[in-house]
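Encoded as structure tokens, the structure appears first; notes follow it.
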Amino acid sequence: MTTTAVKIKVTIAQPFVVAGTPFSLTTTVENAHEEVIDILHFVYHIPYQVQWIQDVNYNKAFEQLRSNPWYHRLLSVSPWRKAAQPPGQEMIFGNLEKPDEPIMSVLPSESTSYSFKAVVTRWLLISGGELVFPGRIKYRYKKEIHYAPFEVRLTLRPPLLANGIGAVAGSILGNGARSLKEQGAGFFQNVGIEFAAAIVLASILAVIAIIYSSRRTGESQPILTVEDFWGGLIVGFMIGYLGHEVFQRLVPIH
């Protein structure tokens, strides 16, 4: 959002936010006044899906993790999880003890920026969408206090891992449903290596199908687009229940 006196731009390094992966959110402020402005604080009204990461706690957790033996690191909680604040907690960057003390000054026609890390922790069952939340910058110009509001809009997508887990779960359900249809109640007495092998094969094909759909190009468009866990579940179920012909239709290999 751009005001008459302050231009504000909020960006992230990647094209969209991936759930479960920390991202850096950068706010750039350009001074369009004719004199210097003193920025007093940044305020972000974080949505409930997002947790911002406190740098001090993150650095401590990272140093502690690095000092541990390698076999302890495998079972340790990641530093960003330890440093993540409660969901939806408001994020304020400024001197709360001395609210009138500026955190940075910006000359006319120049700009400054502030960055912090955040993460969407729930990633398995989440669907893609848009994160929208307001923010505000408090600054002083000619000894008068001003507020510059802005709005943050970020595209949210689930990770590919969620699609893969959904595909494996769907493959198990699809193979189970087909076996129940063909064998009836006797299926529960004959569960063995053949059924396990069928599940493994269907899972591999389903995972390949969702990877193919996620790496589509303008020249090659898949029949079915997989966006989240539930999409992977459907693909896995179709391949497990209907057979490998479905895979050949989803992934046209010539």
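The numbers here are math on the coordinates, done by the rules we state, and not lab data. Keep in mind it's a predicted model, so treat the numbers as computed, not measured. Every residue, glycine as well, gets a Cβ built from its backbone with ideal geometry; the counts of neighbours run over all protein chains shown.
Summing +1 for each Lys or Arg and -1 for each Asp or Glu, what net charge is found among the other residues whose Cβ lies under 13 Å from the Cβ of GLY20? Can you show the working numbers first?
Details: positive: ARG81, ARG122, ARG157; negative: ASP228.
Around GLY20, the charge tally is +2.
At a Förster radius of 45 Å, what calculated FRET efficiency corresponds to the Cβ-Cβ distance of GLN183 and VAL132, to the nearest 0.05? List each step's numbers first, then the result.
Working: r = 51 Å, r/R0 = 1.13.
Step by step, r from the Cβ atoms, then E = 0.35.
From the gyration tensor of the Cα coordinates in the stretch 39-158, what semi-axes in whole Å does the equivalent ellipsoid have, largest first, with each one equal to sqrt(5λ)? Intermediate values should be presented prior to the final figure.
Details: eigenvalues 206, 83, 26 Å².
Over the Cα atoms of the stretch 39-158, the ellipsoid semi-axes are 32, 20, 11 Å.
Based on the Cα gyration tensor of the stretch 58-110, what are the three equivalent ellipsoid semi-axes, each the root of five times an eigenvalue, rounded to whole Å and given largest first? List each step's numbers first, then the result.
Working: eigenvalues 254, 44, 23 Å².
Ellipsoid semi-axes (Å, largest first): 36, 15, 11.
For the chain, list the DSSP H helices whose alpha carbon atoms reach 27 Å or more along the long axis and whose average Kyte-Doolittle value is -1.0 or above? Present the calculation step by step, with values, prior to reporting the outcome.
On the way: long enough: 160-183 (34 Å, 0.40); 193-214 (32 Å, 2.25).
Membrane-span-like by this rule: 160-183, 193-214.
With the crude spin-label approximation of a point 7 Å out along Cα→Cβ, what separation in nm comes out for VAL200 versus LEU74?
It works out to 2.2 nm between the two label points.
How many nm is it between the label spots at LEU125 and LEU161, if each spot is 7 Å from the Cα in line with the beta carbon?
About 1.8 nm separates the two model spin labels.
Tell me which lysines have Cα within less than 17 Å of LYS138's Cα, excluding those fewer than 8 residues away on the same chain?
Candidates past the 8-residue exclusion: LYS7, LYS9, LYS98.
Return the loop-located GluC sites (Glu not before Pro) in the stretch 9-40 (DSSP other than H, G, I, E, B) with at most 11 other Cβ atoms within 10 Å of their own Cβ; answer none if there are none. Show your work: numbers first, answer last.
Details: sites: GLU30, GLU34, GLU35; in loops: GLU34, GLU35.
Counting only loop positions with at most 11 other Cβ atoms within 10 Å, the GluC sites (Glu not before Pro) in the stretch 9-40 are GLU34, GLU35.
With equal scatterers on the alpha carbons only and no solvent term, can you work out the Debye log10 of I(q)/I(0) for the chain at 0.07, 0.10 1/Å?
Here log10 of I(q) over I(0) equals -0.40, -0.69.
Working from the pairwise distances between different alpha carbons, so that the mean of 1/r is found and then inverted, what is the stretch 1-88's Kirkwood radius in Å? Write down the numbers at each step before the final one.
On the way: mean 1/r = 0.0625 Å⁻¹.
Value: 16.0 Å, from the Cα pair sum.
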